[in-house]
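What follows is a single structure, written as structure tokens, with notes after it.
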Amino acid sequence: MQMPPARVGMTLEDIETPALIIDLDAMERNLRFMAQAVKGTLVKLRPHAKMHKSPDLARLQMAQGAVGVCCQKVSEAEAMVRGGVPDILVSNQVVGDAKLIRLAALSKQAKVAICADDPIQVERYSAAASSFGATLPVLVEVDVGAHRCGVAPGQPVAELAQCIERAPGLRFAGLQAYQGSAQHKRQPAERREAIQSAIAQIRESLQALEKSGLACAWITGAGTGTYRHEIASGVYTELQVGSYLFMDADYARNLGEDGRPVHEFEHSLFVLATVISRPVPDRAVVDAGLKAYTAESGLPLVHDLPGAECVRVSDEHGVLKLGPDVPLRLGDRVMLIPGHCDPTVNLHDWYVGVRKGRVESIWPIAARGAVS
């Protein structure tokens with residue numbers, strides 16, 4: 001872990017760059033907006049901690065009503081429990097006896113659940129849970145259209161749920177039904193159609209479970225791009241939203257019913273960079289490249305600087321194309337909006353929380369590199 005790039009009380013101009021910045025006012029408005037979206041409904045928030053990798057931020061989400069968090073890896077779950085988060089769903093399959101032993105041990109310290117899509121996983125989960133005298137809640141993951149993990153809807157769901165119920169140390173807890181491919185479909189009709197299809201497949205699975213004599217009170221999924229559809233579905237009981245807290249450049253490309261980009265949530269996560277070169281009038285180079293943000297979802301946007309565009313990146317450099325009226329000088333700071341917040345966060349050790357240009361909080365990214 002590197003030293004923090006800032007100290008509480010510093011101004012934005014004093015922060016060492018590149019640095020991962022949170023606009024605290026914007027993030028808090030995002031927190032409140034999502035909490036308000038589920039208020040008065042039967043749907044709970046279980047935000048995805050794979051996005052921010054921070055128990056500090058997870059606790060802020062729980063203070064706004066979240067029931068717990070999701071993680072994708074056992075090591076992420078361990079970091080959350082160490083940081084005081086008491087309720088975790090590992091919304092993924094785990095293979096490997098050493099990892100499963102760690103998970104079973106963790107379930108003695110906090111509420112921990114896991115997903116399965118294969119009887120072999122169930123067998124190994126059972127062995128690990130039994131070795132610790134634990135009872136591990138297991139959700140059946142249903143492939144509702146993402147075509148990644150998950151069993152087919154309907155009878156295969158019921159068969160795997162029965163397998164879980166029979167296994168010592170396990171209990172069937174519900175369904176994992178995340179339609180990930182719907183989140184970044186640009187047109188609202190495409191997102192709506194994808195979630196309607198997912199809902200139909202969940203209903204088919206619930207019918208099969210009912211016929212087999214199994215109740216299912218926990219149906220979790222959803223994301224920042226489609227959460228309103230899941231709230232209105234009548235079947236989802238939880239939202240696994242993640243990016244709403246920070247937003248990123250790729251989510252900003254999703255369109256609403258009016259044909260304009262959706263702006264329910266604000267950009268609150270930025271990579272602060274310094275201009276280190278002005279070789280020609282229409283070009284500036286900053287000290288933040290691919291080791292400070294990822295580019296698989298597109299290049300970062302330059303925040304609040306009209307006429308400046310990031311056009312090329314390399315390991316340590318970002319090249320900005322400048323219009324004739326952009327007054328950037330050597331040493332000036334720019335704020336970059338990452339294309340994809342999740343992997344960008346995983347490149348940094350610290351969040352620097354800023355309010356009105358002044359550093360207020362410094363939080364370690366405790367689960368950085370937690371990929372096991």
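The values are calculated or read from the model by the stated rules, or taken from the named source; none is laboratory data. Quick caveat, the model's predicted, so the values are computed rather than measured. Glycine gets a Cβ as well: all are built from the backbone with ideal geometry, and neighbour counts include every protein chain shown.
Key figures for this structure:
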quantity	calculated
Options Phe270, Phe265: the member that is aromatic (Phe, Trp, Tyr), in a strand (DSSP E or B), closer than 28 Å to Gly223 by Cβ and within 22 Å of the chain's Cα centre (by Cα)	Phe270
Single residue of segment 106-124 satisfying the filter (free of Cβ contacts under 8 Å to residues at least 60 places away in the same chain and among the aliphatic types (A, V, I, L, M)) that is nearest to Cys163 (Cα to Cα)	Val122
Any hit, segment 140-155, residues being in the same structural domain as Lys111 (by TED's automatic domain parsing), touching a Lys or Arg at 6+ places or on another chain (Cβ under 7 Å) and not in a loop (DSSP other than H, G, I, E, B)	no
Tally, over segment 277-291, of residues that are over 10 Å from Gly318 (Cα atoms), touching a residue at least 24 places away in the same chain (Cβ under 8 Å) and either crowded, with 24+ Cβ neighbours inside 10 Å or not polar (S, T, N, Q) (or both)	5
Cβ pairs under 6 Å, 6+ apart, first in segment 187-209 and farther than 20 Å from Asn254 by Cα, second among the β-branched types (Val, Ile, Thr)	Ile199/Val235; Gln201/Val144; Ile202/Val235; Ser205/Val142; Ser205/Val157; Ala208/Val157
Any hit, segment 139-160, residues being more than 30 Å from Gly234 (Cβ to Cβ) and among the hydrophobic types (A, V, I, L, M, F, W, C)	no
Scope segment 195-236; condition under 21 Å from Glu257 (Cβ atoms) and among the polar types (S, T, N, Q); matching residues	Gln196, Ser197, Thr224, Thr226, Ser233
Tabulated pairs, segment 211-229, first in the same structural domain as Leu45 (by TED's automatic domain parsing) and within 19 Å of Ser91 (Cβ to Cβ), second assigned to a helix (DSSP H, G or I) and among the aromatic types (Phe, Trp, Tyr), C-beta under 9 angstrom, 6+ apart or interchain	Gly223/Tyr244; Thr224/Tyr244; Thr224/Tyr251; Gly225/Tyr251; Tyr227/Tyr244
Residues of segment 320-361 satisfying the condition of being within 28 Å of Val8 (Cβ to Cβ), under 31 Å from the mean Cα position of the chain (by Cα) and either without any contact (Cβ under 8 Å) to a residue 40 or more places away in the chain or not in a strand (DSSP E or B) (or both)	Pro338, Cys341, Asp342, Pro343, Thr344, Val345, Asn346, Leu347, His348, Asp349, Lys356, Gly357
Any hit, segment 249-262, residues being among the hydrophobic types (A, V, I, L, M, F, W, C), assigned by TED's automatic domain parsing to the domain that holds Ala35, touching a Ser or Thr at 6+ places or on another chain (Cβ under 9 Å) and in contact (Cβ under 8 Å) with a residue 60 or more places away in the chain	yes
